[in-house]
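Notes follow once the structure below has been shown.
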Amino acid sequence: MSGDDAETDPDGGADSSRSSAGAVPAADDVVAPEDVRAARDRIDDVVERTPLDRSRTFARLSGAESVGLKLETFQRTGSFKIRGAYNRMTRLSPEERERGVITASAGNHAQGVALAGQLLAVDATIVVPELAPAAKIEATRGYGAEVLVEGDIYERSYERALELAEETGRTVVHPFDDDAVVAGQGTIGLELVEQYPELTTVIVPIGGGGLISGIATALADREDVRVVGVQPEGALHAKPSLAADRIHELADVDTVADGVADTRLLETTFAVIRERVDEVVGVSDRELATAVALLAEREKVVAEGAGAAPVAALLSDELDVTGEHVAAVISGGNVDLADHAELVRTGLAELGRYVEVRLAVEVWPGTVRDLVDVIEDRGAAFAHLERARRRPGDHPNRVPVDAAIAGSGREHLASVLSALEALDSVDLVHAQWA
């Protein structure tokens, strides 16, 4: 997971408005640029100064003058989360360090807290929900944290973490509703200023809002830089919050980008975002999948859905970056490889470069050679080919075959399908592009 780890405060109810504008503190009273600079001094010897990779491909596709990808996928633990967790934990008192820390997380925040605990010799306990992937649990344990699997969903795990904090005196390290965590994440913004001095727009994923709050604070003195947040359409709560000038809570979320599948901002992040973020845009899951595929193919970067969200926004019709110098913060790459493969396939289909077909052939496997010859002669490739289970409506004297074909584009693949249809031994029953 990435973005802000899809972890919200479960203590509130289902109200769609959480706080009035009059009750919101000033952003500087929450976190100020000097707090981000102080955070960098604390974490500088621990975190990686992640690369800024210039992409001519994405500049061309978006119309930007230049595009720089800030690759937090190469950060320790595979995401930006170590920045905020370590900064927060360096500020523990000696008594708090002795008692240890606790948090709830099913993803990147867990690993950030665990590694920070290892580096600072602070005992860390992480409560994870039962649905947490085993690989992420083991990765968190690998950093030395105690992992407790309790609760069917994150909210129950968070409640259990609060109970244990009360019982044991451990300090809760929240993934984003904490000024020190926000300041730590903001160190990315300081690096951007140094690596990309011509920067005019930065695009940042939003889950609970800690990452964009920190980066916007780091850039608060740069009035020439536009800060744009991006969320999946199925988890788009920040945009209506800004429009109404009050926290808007979603009843539920629906997105492939589980790292930013939060239902709302919290008070800390809302106070900062309302003053320092210029715009929030939404992107579809299909646009996210396309961004994941393009990052893998053109930049050789494995990004999770949340991490690819800024590229999805960059390429969408929702955001005009013509002639600008744009940084896209690729916030993390901790993704199950099977899920990543599915997103890549969906993205290629959206680009018209992958099509799934149903064929009916005279002879199996004798006709396979004919199919392969047609595909190879036209520069395409089978991504999948198998004899299929017979369905109602299938020709009784033909063998059903399911296949997936990859090519350079829709026009190319359309010509391949036409060539397959021209074979006497093959009928094209159906083609599914996306």
Round to the nearest 10 and report in Å² the accessible area of Lys136, as given by a 1.4 Å probe over the protein chains' heavy atoms. 40
Accessible-area value, Ser55, 1.4 Å probe, nucleic acids and ligands omitted, Å²: 0
Compactness relative to 2.2 N^0.38 Å, alpha carbon Rg of the chain: 1.09
With a 10 Å radius around each residue's Cβ, average the other Cβ atoms per peptide and rank 219-229, 360-370, 301-311, highest first. 301-311, 219-229, 360-370
Residue-count net charge about Asp377 - beta-carbon cut-off 13 Å; Lys, Arg +1, Asp, Glu -1: -1
Give the lysines reachable from Lys70 as a straight Cα distance under 23 Å; neighbours fewer than 8 places away on the same chain don't count. Lys81, Lys300
Hey, can you grab everything whose amide H is under 5 Å from the amide H of Val67? Only 5+ residues off in sequence or another chain; H modelled, so Pro and N-termini drop out. Ser55, Ala59, Val326
Taking one equal scatterer on every alpha-carbon of region 363-434, how large is log10 of I(q)/I(0) by Debye at q = 0.12, 0.14, 0.27, 0.28 1/Å? -0.31, -0.42, -1.52, -1.60
Using only the alpha-carbon atoms of region 48-147, report the extent along each of the three principal axes, biggest first, to the nearest angstrom. 52, 32, 17
Give me the aspartates and glutamates in straight-line cross-link reach of Lys136: C-alpha distance below 17 Å, same-chain residues under 8 apart excluded. Asp4, Asp5, Glu7, Glu146, Glu150, Asp152, Asp258, Glu304, Asp336, Asp339
Separation of alpha-carbon centers, region 228-270 and region 303-339, rounded to whole Å: 17
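The values are calculated or read from the model by the stated rules, or taken from the named source; none is laboratory data. Owing to the predicted nature of the structure, the values given are computational and were not obtained by experimental measurement. All Cβ positions, even for glycine, are placed from backbone atoms using ideal geometry, and neighbour counts span all protein chains on display. Note: areas computed on protein heavy atoms with side chains; ligands, DNA, RNA excluded. Shrake-Rupley method; radii C 1.70, N 1.55, O 1.52, S 1.80 Å.
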